[in-house]
1. Can you grab the distance from the C-alpha centre of segment 57-76 to the C-alpha centre of segment 103-144, Å, no decimals?
2. With respect to the cross-link table entries LYS100/LYS125; LYS125/LYS154; LYS104/LYS155; LYS30/LYS155; LYS94/LYS125; LYS24/LYS154, which display a Cα-Cα separation exceeding 25 Å?
3. Among GLY61, ASN114, SER84, whose Cα lies farthest out toward the positive end of the dipole of the chain, if unit charges sit on the beta carbon of Lys, Arg (+1) and Asp, Glu (-1)?
4. Dipole magnitude of the chain about its Cα centre, charges +1 at Lys/Arg Cβ and -1 at Asp/Glu Cβ only, in debye to the nearest 20?
5. By the scheme Lys and Arg +1, Asp and Glu -1, what is the net charge of all other residues having a beta-carbon under 13 Å from that of LYS125?
6. Determine the sum of side-chain charges near VAL161: Lys and Arg each +1, Asp and Glu each -1, restricted to other residues whose C-beta is under 14 angstrom from that of VAL161.
Amino acid sequence: MLTENINLGAGVVVDPSSSINNIKIGNNVKIAKGCSVFGSAEFILHVGESTYIGPHSFIQGYAAAIEIGNFVSIAQHVNIMSSSGPNASPLMQKYFPIVKKNVKIGDHSWIGANAVIMPGVILGKFCVVAANSFVNNCFDDFSVVGGNPARLIKKLDPEIVSL
């Protein structure tokens, strides 16, 4: 469902079962079935060109900015969030304050299935996040990360992957 404040580039395909709003999408982006991808009037979510968002992924940027680069591959059931905390309970918020921080995914990155990207995470260009990973730290360009919490597994050779 397309709701409000939507700026779509040329060649964008959004499956009819997906919901998007408060978003700016570059050219040739595909959003697969069952996705929820949204920002807010204050924090427009940005998706770069030629990016793919896999089925049933949830990307919420209503509390802080989310920027997804160009040529990013996001597999199925990925969660990317700019805020986290116990929204319904002010008493629990005393122990676990709501976190609101920007998120950035660099160009040419690949996020594996069922990965969770927490508020404040910045992934550089050409990063790989292994499936089922919980990412709560930032990683530099060319990093391959995985685990719970995600840790650096190895670095890609910049000469091989750079354009």
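1. Measuring centre to centre over Cα atoms gives 10 Å.
2. Violating the 25 Å Cα-Cα cut-off are LYS30/LYS155; LYS94/LYS125; LYS24/LYS154.
3. The listed residue farthest towards the positive side: SER84.
4. 420
5. Details: positive: LYS104, LYS155; negative: GLU67, ASP107, ASP140, ASP141.
Summing Lys/Arg as +1 and Asp/Glu as -1 gives -2.
6. Taking every other residue near VAL161 into account, the sum is -2.
The numbers here are math on the coordinates, done by the rules we state, and not lab data. Just so it is clear, the model here is predicted, and its values are computed rather than measured. Methodologically, a virtual Cβ is constructed for each residue, glycine included, from the backbone with ideal geometry; neighbour enumeration extends over all protein chains shown.
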